[in-house]
Amino acid sequence: MRRLALPVAVAAVLALGGLVALELLRPAAPVTQAEEARGIAGELRCPDCQALSVAESQTASAAAIRREIVGQLAAGRTIDQVRAYFVARYGDWILLAPSTPLVWWLPALALVAGVGLLAWWLRRGRGESGPSVQAPARDIRAQIGEEVEQLDA
Amino acid sequence: MAPGVPRMRLLRWLALPVVLVPLAWLLFTGLGTDPRVLPSPLVGKPMPAIAGMTLDGGTFSSAALLGKPAIVNFWASYCIPSCVDEHPFLLDLAARHGSELGMVGVLVNDTLDGARGFLDRYGQVSWPTVLNADSGISIDYGVTGPPETFFVDARGFVVARHVGPLTQAVLDDELAAIGIAP
């Protein structure tokens, strides 16, 4: 059973890697300009409302930004260029999601670090507080042996 | 006890402040941050151009502001009480520094009737107000809502942005930054 553990683990990792690669390499479905515009509007914060994206809001400011997005895409700008256009004016505040993906990994990293720290702490605590049984020294064993022989005699 | 054990214990106790002190500092400084303060990426950069029809039927171009410090004030008639509160400060500013300071207002999602009614009620102004009908100027300045004011130096560079109603304290600080003695 134990001999099978490593091949099974390797096979599982390879299978998972294959699935991830397939997902990443799968050609994306063609996206229309209107869908691109909706996508960008969904990523931008409505400037004069709370907790709404530009796509969701009905304010005049949000409508103006939606028009600007459509106009820029029609002019041939890429999604990244349009996003950068608004960041250059409003700052990162305008983005509903953080621009660096590292932020998404921080909670997972903190969890792993916390579990690791806890495991280390528990192992150390058990090592220190557990009963320490030392083998008797050789001379003590010899002495005990002599005393037992004397008692038997 | 092995000689490495005291060192490990010392490291363990050192690890706590190393982790906790920066975390506490981060949280503590966050508590003191004003969530209404939004840093503008325009600060330190040339002011975006402003051009268009004005409330009195004329036209305006920000080229007219070059050569002297200026303020760009985004306002609206529905912005109550903030725009009402700051209006006397703007009138006083124009009266005291009108010759050495360029001033321009920009309407934010407002109607002509609404804006004219506001000025009739709270005081006519001597500086132009650009209509900004398509909100293009609001987007160029990254405006989140009226009132907002941008302070521009004589070279045409944005020096500061203030979100919310102007007060005398704000004006004293920001005018000095663009070379106007309060």
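Between helix B:82-97 and chain B there is an angle of about 70 degrees, using the helix long axis and the longest principal axis of the Cα atoms.
Under a point-charge model restricted to the Cβ atoms of Lys and Arg (+1) and Asp and Glu (-1), what is the dipole moment magnitude of the protein assembly as shown relative to its Cα centre, in debye to the nearest 20? Each step should come with its number before you reach the end.
Details: 26 positive and 31 negative charges, 232 e Å.
My answer is approximately 1120 debye.
Contact order for chain A, expressed relative to its length and based on alpha carbon pairs under 8 Å spaced 6+ residues apart, stands at 14 percent. Shown in residue order for the range A:17-23 are the 3J(HN,Hα) couplings computed by the Karplus curve 6.51 cos²θ - 1.76 cosθ + 1.60 at θ = phi - 60°: x, x, 4, 4, 4, 4, 5 Hz (x for Gly and Pro). Taking amide hydrogens as modeled 1.01 Å from N in the peptide plane, which residues meet the under 5 Å criterion relative to residue A:49, leaving out close sequence neighbours? Here nothing satisfies the definition. For the range A:35-51, putting each phi into the Karplus relation 6.51 cos²θ - 1.76 cosθ + 1.60 with θ = phi - 60° gives couplings of 5, 4, 4, 5, x, 5, 4, x, 8, 9, 7, 5, x, 10, 9, 10, 6 Hz, in residue order, rounded to whole numbers and with x for Gly and Pro.
Average partner chain C-beta neighbours within 10 Å, per residue of A:61-68? List each step's numbers first, then the result.
Working: counts 8, 1, 3, 8, 3, 0, 4, 5.
The mean count of partner-chain Cβ atoms within 10 Å per residue comes to 4.
Sorted ascending by nearby beta carbons within 10 Å, beginning with the fewest, B:127, B:75 become B:127, B:75.
Which percent, to the nearest 5, of DSSP beta bridges fully inside the protein assembly as shown are antiparallel?
Numbers: 17 of 25 bridges.
Rounded to the nearest five, the antiparallel share is 70 percent.
The ellipsoid that matches the Cα gyration tensor of chain A has semi-axes, each √(5λ) in whole angstrom, of 69, 23, 11, with the longest given first. DSSP bridge analysis restricted to the range B:69-182 gives an antiparallel fraction near 55%, rounded to the nearest 5. Ranked for footprinting exposure by Cβ neighbours inside 10 Å, fewest first, B:68, B:45 give B:45, B:68.
For chain A, the longest principal axis of the Cα atoms and the long axis of helix A:138-152 meet at an angle of about 40 degrees.
When a footprinting reagent is the concern and you count Cβ atoms within 10 Å, what order do B:157, B:150, B:118 take, fewest first? Please report the intermediate quantities before stating the final value.
Working: B:157 15, B:150 25, B:118 22.
Ascending number of Cβ neighbours within 10 Å: B:157, B:118, B:150.
Against the main long axis of the alpha-carbon atoms of chain B, helix B:4-31 sits at an angle near 10°.
Amide H to amide H distances under 5 Å link residue B:106 with B:73, B:74, B:75, B:130, where only residues 5 or more positions off or on other chains count and H is placed in the peptide plane.
Values quoted throughout were computed directly from the atomic coordinates according to the rules given, and no laboratory measurement underlies them. Please read all numbers here as calculations on a predicted model, not as lab measurements. In this analysis, Cβ positions are derived from the backbone assuming ideal geometry, glycine residues included, and neighbour counts consider all displayed protein chains.
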